[in-house]
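Comments concern the structure below.
The values are calculated or read from the model by the stated rules, or taken from the named source; none is laboratory data. Just so you know, these numbers come straight off a predicted model, no measurement behind them. Here the Cβ positions follow ideal geometry from the backbone for every residue, glycine too, while neighbour counts run over all protein chains shown. Heads up: the accessible areas ignore ligands, DNA and RNA and are worked out on the full protein's heavy atoms, side chains in. Shrake-Rupley method; radii C 1.70, N 1.55, O 1.52, S 1.80 Å.
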Amino acid sequence: MKSATKFIHAGTEPDPSTGAIMTPIYQTSTYVQSAPGKNKGFEYARSQNPTRKALEEALAVIENGKFGLAFGSGVAATDAVLKLLEPGDEVIAGKDMYGGTYRLFTKIFEKFGIRFHFVNMQDPGAVKETINSKTRLIWTETPTNPLMNITDIASVVSLAKDRGILVCVDNTFASPYLQNPLDLGADIVMHSSTKYLGGHSDVIQGALVMNDSALREKLYFIQKSCGAVPGPMDCFLVLRGIKTLHVRMKQHCENGRIIAHWLHKNPKVGKVYWCGFEDHPGYDIAKKQMLDFGGMMSFTLKDESVEAAMKVLCSTRIFALAESLGGVESLINHPASMTHASIPREERIKNGLSDSLIRLSVGIEDVEDLITDLQQAISS
Ligand SMILES: *Cc1c(COP(=O)(O)O)cnc(C)c1O
């Protein structure tokens with residue numbers, strides 16, 4: 001099936017009791033049994049819910065996987081993956097990643113005896129050197145938030161495979177329209193469904209997709225035992241969001257391409273971080289593993305003072321100053337004080353995330369209006 005058909009039909013079957021074309025919002029906590037233990041496959045809504053089930057099937061289909069699991073947030077999905085580990089186990093993760101993931105790893109899981117190594121994921125040699133007999137998981141984001149670095153998924157997988165190390169890819173920035181890590185050999189794909197999957201800035205949710213049924217059983221056990229499940233209304237919203245993912249992503253990519261090139265030519269702009277530039281160090285890999293380059297980018301001004309960046313951040317009228325990304329509306333964000341404030345400043349600077357970096361989530365408004373808005377903010 002081609003992707004447009006897949007995104008629209010994934011997981012949804014007409015409701016068996018009424019024929020409703022849209023999966024209803026099953027707002028229920030429990031299910032009546034005809035005799036003790038005799039049920040219709042649904043016992044208690046932390047374990048099973050029909051709206052969530054439809055979404056989880058859709059998640060599997062759109063990531064070319066066998067099994068999907070939905071969680072109450074992206075970090076709850078990440079939390080579930082980490083709970084596969086035991087004290088003493090080690091994780092290799094990228095230096096450049098979403099601040100909330102870094103916080104979960106270092107502030108929560110380190111105290112339970114899990115050890116994290118943050119390496120340059122763009123260098124497979126650095127990953128290889130860090131692998132030892134205790135390594136259980138490699139965690140990578142690509143493109144990374146907010147520096148748009150690209151990890152070569154297939155080469156990381158090749159380092160992990162014969163050593164029995166799990167590879168989990170946070171695919172939030174690319175979305176399943178642009179990239180399918182399971183096809184490249186990854187074991188688990190993670191999403192903050194809050195972003196492109198939901199697509200309308202109206203829900204917080206996370207997802208995991210995998211192929212291995214034993215791995216699915218372990219993660220399902222964690223999902224129901226720890227209980228970070230999304231409610232049925234939120235599942236309905238993400239299921240609806242997925243139906244237009246391909247149309248939205250095409251426009252995000254088109255607007256993103258135009259704005260990245262416009263920024264690049266702007267005399268007041270310093271460096272532009274977008275993986276679609278031919279001189280981007282990850283360009284060839286991005287081209288190989290992604291369908292297009294997306295609508296996420298970051299940039300600095302020639303005037304590298306924090307004040308100049310703050311002025312731009314406070315002057316846009318269409319780009320709203322807010323955390324998050326992937327919605328139909330354009331957002332502007334200051335990673336150092338917003339999305340990445342949970343990473344210590346020295347770490348941020350060392351990894352190339354300067355205090356004056358500005359991140360854009362380019363939405364699907366008219367691109368000329370977006371450029372006019374950036375123009376007036378940058379020249380103000
Ligand atoms: C937002 C985000 C997360 C966390 O997801 P939530 O839904 O906010 O919990 C994880 N990874 C990336 C890349 C993100 O952008």
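A few points about this structure:
- Being open to solvent by 40 Å² or more (accessible area, probe 1.4 Å), among the β-branched types (Val, Ile, Thr) and at pLDDT 95 or above is a property that does not hold for Thr51.
- Tallying residues that are closer than 20 Å to Ser73 by Cβ and either of a type in the set (A, V, I, L, M, F, W, C) or in a loop (DSSP other than H, G, I, E, B) (or both) within the range 174-208 yields 19.
- Among the residues making up the range 173-211, those that are open to solvent by less than 10 Å² (accessible area, probe 1.4 Å) and of a type in the set (S, T, N, Q) are Ser175, Gln179, Ser193, Gln205.
- Residues being touching a strand residue (DSSP E or B) at 6+ places or on another chain (Cβ under 9 Å) and polar (S, T, N, Q) - total across the range 219-261: 1
- Qualifying residue in the range 239-251 (condition: over 30 Å from Asp279 (Cβ atoms), in a helix (DSSP H, G or I) and open to solvent by 10 Å² or more (accessible area, probe 1.4 Å)): yes
- Counting only residues that are out of contact with any Ser or Thr (no Cβ under 7 Å at 6 or more places or on another chain) and within 16 Å of the ligand (Cβ to nearest atom), the range 176-196 holds 8 of them.
- Among the residues of the range 1-27, those that are assigned to a helix (DSSP H, G or I) and open to solvent by 70 Å² or more (accessible area, probe 1.4 Å) comprise Ile8, His9.
- Selection within the range 307-320: residues that are surrounded by fewer than 14 Cβ atoms within 10 Å (Cβ to Cβ) and closer than 16 Å to Asp355 by Cβ. The member of this set that is nearest to the ligand (Cβ to nearest atom) is Cys314.
- For the range 273-288, the criterion of being free of Cβ contacts under 8 Å to residues at least 24 places away in the same chain, assigned to a loop (DSSP other than H, G, I, E, B) and under 26 Å from Leu331 (Cβ atoms) is met by at least one residue.
Listed here are the residues, each with its yes/no results for (1) of a type outside the set (Ser, Thr, Tyr); (2) buried (at least 24 other Cβ atoms within 10 Å of the Cβ); (3) within 16 Å of the ligand (Cβ to nearest atom).
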site: Lys107; (1), (2), (3): yes, no, yes
site: Glu110; (1), (2), (3): yes, no, no
site: Phe118; (1), (2), (3): yes, no, yes
site: Thr144; (1), (2), (3): no, yes, yes
site: Asn149; (1), (2), (3): yes, yes, yes
site: Asp152; (1), (2), (3): yes, no, no
site: Asn171; (1), (2), (3): yes, yes, yes
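- Those helices (runs of 4 or more DSSP H) lying entirely in the range 33-104 with at least 3 residues away from the ligand (no atom under 16 Å from the Cβ): 50-62
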